[in-house]
Amino acid sequence: AQSVTQLDSHVSVSEGTPVLLRCNYSSSYSPSLFWYVQHPNKGLQLLLKYTSAATLVKGINGFEAEFKKSETSFHLTKPSAHMSDAAEYFCVVSDRLDTGRRALTFGSGTRLQVQP
Amino acid sequence: DVKVTQSSRYLVKRTGEKVFLECVQDMDHENMFWYRQDPGLGLRLIYFSYDVKMKEKGDIPEGYSVSREKKERFSLILESASTNQTSMYLCASEAGGSWFGYTFGSGTRLTVV
């Protein structure tokens with residue numbers, strides 16, 4: 001069975017300072033991992049994905065995530081926060097079900113606030 | 001770009017009503033999914049489908065059913081709506097075997113009164 005834990009439900013940073021959103025996962029097989037972002041009253045948008053290639057993954061809007069198998073982590077980072085980054089972020093793991101099919105499991109989300 | 005369209009942005013229904021939530025995608029994707037989103041719980045999978053007329057239960061299928069008569073359309077049905085089904089419902093689609101991640105619709109916020 002697969003699961004995702006987002007360690008912080010809320011993170012607040014000042015504009016121009018680094019962002020760190022933490023995510024730990026568990027998976028029975030070799031997972032694919034994703035970060036999605038949801039701005040208020042909008043749908044979910046894919047930020048980046050890890051699918052067993054390079055462990056450091058670059059996404060849109062300057063975000064990065066590093067896959068660390070030994071720590072079962074996939075933390076999301078950005079060197080300098082912008083006001084437009086304020087949103088909810090979801091860490092997602094993809095793994096095989098007992099049927100052999102793949103499905104996504106979502107973390108509970110981290111709300112990022114950016115202070116001026 | 002793939003577009004996933006959910007027919008209603010907001011819905012208000014009465015307890016006991018039968019409710020249909022419609023989702024249409026325009027890129028010939030094989031795989032379609034229905035999630036509900038609740039504060040503090042993230043997204044939870046209700047049902048999914050990998051082919052026409054095929055459906056599989058997700059993590060929380062109780063109180064719901066689905067229909068996929070055509071490849072582009074995946075409907076979520078609340079047989080008898082209850083107040084605990086008040087939620088945001090998100091539809092997603094994905095090309096089979098590609099694993100580029102899901103494309104989501106903008107959601108339907110359902111309120112059951």
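Taking all protein chains together and a 1.4 Å probe, the residues B:LYS70, A:LYS78, A:LYS68 rank B:LYS70, A:LYS68, A:LYS78 from largest to smallest accessible area.
At a threshold of 50 Å², the residues of the range A:11-55 that become less accessible to a 1.4 Å probe in the full protein assembly than in their chain on its own are A:LEU44. The label point for A:GLN115 and the one for A:THR55, both projected 7 Å from the Cα toward the Cβ, are 3.4 nm apart. Annotation: amide H of A:ALA87 within the under-5 Å range of A:LEU112, sequence separation 5 or more or interchain, hydrogens built in the peptide plane. Other protein chain C-beta atoms within 10 Å of residue C-beta, averaged over B:40-46: 5. Filter the cross-link list A:LYS69/B:LYS70; A:LYS42/A:LYS68; B:LYS13/B:LYS71; A:LYS69/B:LYS53; A:LYS68/B:LYS71 down to pairs whose alpha-carbon distance in this structure exceeds 32 Å. Result: A:LYS69/B:LYS70; A:LYS69/B:LYS53; A:LYS68/B:LYS71 exceed 32 Å.
The phi-based Karplus calculation (6.51 cos²θ - 1.76 cosθ + 1.60; θ = phi - 60°) puts the 3J(HN,Hα) values of the range A:75-86 at 6, 9, 9, 8, x, 9, 6, 10, 4, 6, 7, 4 Hz, whole numbers, x for Gly and Pro. Ordering A:PHE63, A:TYR89, A:LEU33 by the projection of their Cα atoms onto the charge dipole of chain A, which places +1 on the Cβ of Lys and Arg and -1 on the Cβ of Asp and Glu, puts A:LEU33 at the extreme positive end.
Relative contact order of the range A:1-51: 31 percent, from C-alpha pairs under 8 Å at least 6 residues apart in sequence.
Classify chain A from the C-alpha gyration tensor, please: rounded if a/c falls under 1.5, else prolate or oblate depending on whether a/b exceeds b/c. Verdict is prolate for chain A.
Computed from phi, the 3J(HN,Hα) profile of the range A:32-38 under the Karplus parametrisation 6.51, -1.76, 1.60 (θ = phi - 60°) reads 9, 10, 9, 10, 10, 10, 10 Hz, with x in place of Gly and Pro.
Compute log10 of I(q)/I(0) for the range A:1-51 with the Debye formula, placing one identical point scatterer on every Cα and leaving out solvent, at q = 0.29 Å⁻¹, to two decimals. The Debye formula, applied to the Cα set alone, gives -1.24. Here's the picture: charge each Lys and Arg Cβ at +1 and each Asp and Glu Cβ at -1 in chain B, and of B:VAL66, B:THR86, B:THR103 the one pushed furthest to the positive end of that dipole is B:THR86. Summed over both chains, the accessible area lost when B and A associate is about 1700 Å², using a 1.4 Å probe. Measuring nothing but how far apart in sequence close Cα pairs (under 8 Å, 6+ apart) lie, relative to its length, chain B scores a relative contact order of 36 percent.
Charges at C-beta only: +1 for Lys and Arg, -1 for Asp and Glu. How large is the resulting dipole of chain B about its Cα centre, in Debye rounded to 20? Working shown, then result.
Details: 15 positive and 15 negative charges, 78 e Å.
The dipole magnitude comes to about 380 debye.
For the peptides B:85-95, B:35-45, the ranking by mean Cβ contacts within 10 Å, running from highest to lowest, is B:85-95, B:35-45.
The values are calculated or read from the model by the stated rules, or taken from the named source; none is laboratory data. As the structure is a prediction and not an experimental result, all values here were calculated from the model. We place every Cβ from the backbone using ideal geometry, glycine too, and count neighbours over all the protein chains shown. The protein model used for the area step is the full one, side chains on, heavy atoms only, and it has no ligands, DNA or RNA in it. Shrake-Rupley method; radii C 1.70, N 1.55, O 1.52, S 1.80 Å.
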